[in-house]
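Here's the structure we're looking at; comments come further down.
Derivation of every value follows stated rules applied to the coordinates shown; laboratory data play no part. Everything numeric in this text was worked out from a predicted model, so none of it was measured. Heads up, the Cβs are rebuilt from the backbone with ideal geometry, glycines too, and the neighbour counts pull from every protein chain shown.
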């Protein structure tokens with residue numbers, strides 16, 4: 001069970017997420033320590049923020065009760081999907097009745113401004129930050145795709161390296177190009193499927209190995 005303050009029966013929790021097992025969560029752990037979150041109440045996921053199907057996050061949500069307090073370092077640590085961030089925020093604050101503090105954006109502190117104007121401003125800030133988080137994720141995907149395209153244009157090859165050509169490939173290739181044998185016969189001689197033979201022939205030509 002989460003550690004609760006005896007005075008008001010409120011438990012304080014922290015949620016940390018890093019995208020991969022290799023990434024370090026120390027910066028977020030320091031922030032939780034500075035916010036006086038009990039170590040026993042800190043939940044850590046090491047996976048993508050594309051959705052909320054995360055083991056520790058779901059365990060955290062099950063444990064939290066009405067009026068409990070949740071700290072997160074930044075909105076993108078909660079998630080990166082705009083629509084799902086807003087939905088989870090609604091579930092946590094409206095359905096479960098907990099408070100959330102985003103340490104990097106203290107305007108997102110549901111303990112403050114619980115009047116209509118405060119709630120309105122918090123909702124606007126949340127929507128903007130959620131959109132920014134998802135937009136950055138989309139930009140990362142675009143930059144990755146552009147980088148791969150540029151690398152391919154430079155001749156960089158991705159994936160598993162091709163098997164070495166069989167010793168008789170050159171002979172079969174030359175006879176096939178000279179129309180002395182069919183592509184099917186050449187592929188059979190080389191122990192390849194016809195499509196593989198034709199693909200390797202294109203690479204063979206482009207690499208100017210003749």
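Let's test the formula: R0 of 30 Å, r as the Cβ-Cβ distance of residue 204 and residue 145. What FRET efficiency results, to the nearest 0.05?
0.55
For residue 94 and residue 128 in one chain, what is 0.36 nm times their gap in residues minus the Cα-Cα distance, to one decimal in nm?
10.3 nm
Could you work out how far the C-alpha centroid of region 187-203 sits from that of region 56-115, in angstrom?
57
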